[in-house]
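Novice: I am attaching a structure below and will ask some questions about it afterwards.
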Protein chains: 2
Amino acid sequence: MAPRNTEQRTRDVRQKLRNEVDLWVASAGGEGDAYLVPLSFYWDGARLILATPANSRTARNLRRAGEARLALGTTRDVVILEGPVTFITRDVIDDALATAHAQKTGFNPRQITEEYVYIQVIPQMIQAWREADELSGRFVMRDGRWLVGDGENGDAMDTIAAVPAGQSA
Amino acid sequence: MAPRNTEQRTRDVRQKLRNEVDLWVASAGGEGDAYLVPLSFYWDGARLILATPANSRTARNLRRAGEARLALGTTRDVVILEGPVTFITRDVIDDALATAHAQKTGFNPRQITEEYVYIQVIPQMIQAWREADELSGRFVMRDGRWLVGDGENGDAMDTIAAVPAGQSA
């Protein structure tokens with residue numbers, strides 16, 4: 001199978017962001033002790049919303065670092081995302097956003113006795129690759145901008161499907 | 001589906017270690033900047049062998065930290081491992097081990113122009129869970145010891161299959 005072009009990778013990334021339920025969250029303490037857990041997420045087209053106990057190791061690490069590195073998909077169909085994190089407490093999160101998160105992930109952090117916190121990640125860098133032959137050209141977003149199409153808008157993005165393969169939009 | 005007992009999880013973990021080709025490697029720099037990549041690995045029954053460019057960010061992070069946190073499988077069928085890392089240069093690695101690694105992973109770091117290094121991880125802690133109902137009882141190894149069976153020896157381990165479910169060996 002030939003390496004995917006940026007258009008195809010972008011479509012695949014957006015599809016994964018819509019359809020996948022979990023991702024891997026890497027984080028680290030201030031002394032460089034790495035941590036890694038899977039968490040569920042909701043993607044609203046521009047940001048990912050995670051939720052985790054407010055005092056969990058991941059929450060503490062991300063609060064300190066201020067940014068997250070996330071991985072979606074499998075080790076042979078990788079999507080890597082990096083971006084700054086914003087913590088949103090349960091009492092101030094937008095109700096529609098929290099509802100969408102609960103519907104997508106199947107759990108509602110607002111109904112859990114333990115204190116949970118929402119974590120918003122706005123990706124600034126996204127890479128997508130399958131095998132070694134796709135390492136070249138793996139960036140689909142840099143500096144918060146999709147390299148192809150208007151990634152901020154799902155409808156605009158869908159028009160990319162009409163672009164012939166190999167032809168840059 | 002009922003939560004798996006420790007015997008079943010241990011069997012599943014060992015099967016994944018034998019059969020999976022890649023895992024997720026979390027690492028961090030000395031200032032707590034987390035990193036995450038997929039790498040291929042070989043499991044010889046007691047240790048994992050990875051290989052990566054000697055000057056890659058993962059190699060530099062792991063060399064500094066001296067230990068790794070790894071994840072196998074999917075976000076809904078998780079195996080998490082932690083253990084100390086040892087770096088083994090290409091000129092001193094055991095030939096049979098390097099050959100087994102190449103056969104398993106499909107690439108031979110000894111034949112690559114760029115300087116690669118092997119990284120040995122001897123797990124001291126292993127957890128396995130699928131869904132939230134399996135978070136309890138997720139440890140299958142602590143302090144380098146399998147909680148059930150003789151994990152150092154694949155043959156001994158196989159006898160666990162004869163232990164009735166729910167009955168601890």
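Novice: In degrees from 0 to 90, rounded to the nearest 10, what is the angle of the helix B:95-105 Cα long axis to the longest principal axis of chain B?
Specialist: Helix B:95-105 sits at roughly 70 degrees to that axis.
Novice: I would also like to ask the following. Using the alpha-carbon centroid of each, what span in Å lies between the range A:88-128 and the range B:111-148?
Specialist: About 29 Å separates the Cα centre of the range A:88-128 from the one of the range B:111-148.
Novice: Using a cut-off of 17 Å between alpha-carbon atoms, which lysines can reach A:K104, once sequence neighbours fewer than 8 places away in the same chain are excluded?
Specialist: Excluding near neighbours in sequence, the set is A:K16.
Novice: So, one more: Taking a label point 7 Å out from Cα toward Cβ, give me the nm distances from B:T86 to the same spot in the other copies, shortest first, one decimal.
Specialist: 4.9
Novice: For a Förster distance of 25 Å, can you work out the FRET efficiency between the beta-carbons of A:F107 and B:A2, rounded to the nearest 0.05? Write out the running numbers ahead of the final one.
Specialist: Working: r = 20 Å, r/R0 = 0.80.
Once rounded, the FRET efficiency stands at 0.80.
Novice: Next question. In terms of modelled amide H atoms, which long-range or inter-chain residues lie less than 5 Å from the amide H of B:R90?
Specialist: B:Y118
Novice: Looking for one value pair here: nearest-to-axis residue in chain B (by Cβ) for the rotation onto A, and the distance in whole angstrom.
Specialist: B:A28, 2
Novice: Can I ask one more? For A:Q15, place a label point 7 Å from Cα along the Cα-to-Cβ direction in every copy; what are the distances to the other copies, in nm, shortest first?
Specialist: 2.9
Novice: Something else: List the distances, in nm to one decimal, from the label point of A:R47 to the label points of the same position in every other copy, shortest first, placing each label point 7 Å from Cα along the Cα-to-Cβ direction.
Specialist: 4.6
Novice: How compact and how long is the protein assembly as shown, expressed as Rg and Dmax of its alpha-carbon atoms in Å?
Specialist: Final numbers for Rg and Dmax: 20.8, 62 Å.
Any read-out appearing in this document is the output of simple, stated calculations on the displayed coordinates, not a laboratory observation. This one's a predicted model, so the numbers in the text were calculated from it and none came from an experiment. Every residue, glycine as well, gets a Cβ built from its backbone with ideal geometry; the counts of neighbours run over all protein chains shown.
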